[in-house]
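Data first, discussion second: the structure below is written as structure tokens.
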DNA sequence: CGTTCTTGATGCAGAAAAGGTATTATGAAA
DNA sequence: TTTCATAATACCTTTTCTGCATCAAGAACG
């Protein structure tokens, strides 16, 4: 195999036209150069690819087989080159995105959707994980960017604020609290609570329950649902009240009233973090995208309060 | 795309070793030549494929993608070259084989099986067809070789005798004919006949029925089976007698007696025929194979009588 | 801390390959 | 026969590739 891609291109041109002169013109080379290139190819293969005389040219049986194979090879090569270049420009590749429960319940889905519109070549690989897990995975280069919730005190990480969640109390419009402007935690001491799924919402309750303890009570759980939609549904039925975040309340249907909790000043910050050193191109593109979204006011540290 | 297969081979060598010097030795070129070639490839792609310093070489992300694609391309190219060469040598390709009912019931299956053992690269494409159809298809280059039965008087065809079939009368061992050495056609005038499938056995009956007519009777058909096994099975049950060929009787199970027909001297000759002018390599190889088999006495014009 | 070794890159000259122009040989068409 | 078109060949130029010698920069080692 001494021949190159050049020979293959020449061969395919002749195989299409079955005419050396016309093919040579399409290839922008002289006819003799083309003749000799084909001769070299045939000599190298040890196979006659064209049956030719001065008056006609046609493919031999072996020539037909070679043409089909050569076409496939050339197409494959072009596809590979194209993909390689797109990877190089960051237009293709994979982005491994970690997320916490809060991220996935908040801005993340829309964020990923928007990003994919702008970068359809980049495959998003979402990985669920709590904050500590994500930080370890970032370090082990198993994650490109993480959406983590809560304070992160690790150096060498780039970060952008995505959303701040403040707990709110959600009650049905027929509830005795419905007319009030706001609540205090201790007002909830005797209420029935609808609880989120313990496994998926662990982080939220790790944050909330200490607050309740500080207010002198433990929430009395009367119902548990599988997800936020379920929680809101049970509250809608009057099964009890719940504490969720503004973000999640945005998905609520009618008949519900959200009440701020006066004595809970803390907010839960969800951030995007990535390893500045190991950042690959798709990561950088995603960060750039995040900055655009922040500039547009779509995401950031301001609460997305429902008007 | 100015690079050639040479660049790809060089690239893959470096991608495997991640060491320019060792790779250059494996490629039997000097290290500077290899460095240059890789530089040209990268410049042509506009993509850095290797991250390198004086102390280490590793693939970039784009390099990994290019390596995988390039491997596939090179493998595809080698496979194509190999197939092309085998086609050229007649070791691969397709052989379109026509056959009549007699051929397929006789020597043909074993013949094709043996041929495929010796030429596993050649795909056999069997086409059923009566003699006249096969001759037309040979002429139209829709068939490479035909197994035809009966006299063929067409010029320009190569031919080899495959088998001669003489009709025999088959009866159950309890039949009154069973003790006889031979029969004459007219003996059968009052017998019940088991008939082969009209469609598949048309040629045989076109040959046999005129003989019966000459003997002054028409066979009285009492049963019809789907194939030769079915016919023999019905004869085994005592449903009637039948006339088949020696070839087919070779497949019979026990309890049956074959009786020669004294007054039927004609034999049915099955021949392989092909177009000498248009013969492609696989065809010639098959003819050569036939000649070998004839030399071995496996096939030919001698009747394969059951001892 | 310097020495030595190894690695990849570079300069240059010779070799090889590819290309172009002019021409030839051979069928087909007029 | 003449003319036309085709593919092949001859000959020379240009481009590309290669090897040798060498350089620059880390790594290994005493």
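Below are the figures for this structure:
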item: Closest approach to the B/A rotation axis among chain B Cβ atoms, residue and whole-Å value; result: B:4, 2
item: Length gained when the stretch residue B:258-residue B:152 is fully extended (0.36 nm per residue, less Cα-Cα span); result: 35.2 nm
item: Values of log10 I(q)/I(0), in the order q = 0.05, 0.06, 0.09 Å⁻¹, for the protein assembly as shown under a Debye, Cα-only, solvent-free model; result: -0.55, -0.68, -0.86
item: 7 Å along Cα→Cβ, label-point gaps from residue A:153 to other copies, nm, shortest first; result: 10.9
item: Stokes-Einstein D (µm²/s) once Rh is taken as the Kirkwood radius of the range B:34-113 over alpha-carbon pairs, at 25 °C in 0.890 mPa s; result: 141
item: Packing-based exposure ordering (other Cβ within 10 Å, fewest first) of B:25, A:173, A:61; result: A:173, B:25, A:61
item: Residue mean of other protein chain beta carbons inside 10 Å, B:23-35; result: 0
item: Exercise: per-residue mean of other protein chain Cβ atoms within 10 Å, B:69-82; result: 6
item: Acute angle (nearest 10 degrees) that the helix A:202-214 long axis makes with the longest principal axis of chain A, alpha-carbon atoms; result: 20
item: Label spacing, shortest first and in nm, from residue B:289 to its equivalents in the remaining copies (7 angstrom along Cα→Cβ); result: 5.8
item: Residue order, fewest to most surrounding Cβ atoms within 10 angstrom, among A:124, A:248; result: A:124, A:248
item: Rounded tilt (10° steps) of B:61-89 against the dominant C-alpha axis of chain B; result: 40
item: Neighbour-count order for A:142, A:113, A:181, fewest beta carbons within 10 angstrom listed first; result: A:181, A:113, A:142
item: Centroid-to-centroid separation of the range B:20-60 and the range B:177-253 [C-alpha atoms, Å]; result: 79
item: Evaluated at q = 0.19 Å⁻¹: base-10 log I(q)/I(0), Debye formula over Cα of the range A:167-260; result: -0.84
item: Approximate spin-label separation residue A:28-residue B:68, in nm, with each point projected 7 Å along Cα-to-Cβ; result: 3.4
item: Angle in degrees between helix B:31-45 and the longest Cα principal axis of chain B, rounded to the nearest 10; result: 80
item: For chain A, alpha-carbon Rg relative to the globular expectation (2.2 N^0.38 Å, N residues); result: 1.65
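Each value in this text was obtained by applying a stated rule to the coordinates, not by laboratory testing. All values reported here derive from a predicted model rather than from experimental measurement. Glycine also receives a Cβ, built like all others from the backbone with ideal geometry; neighbour counts cover every protein chain displayed.
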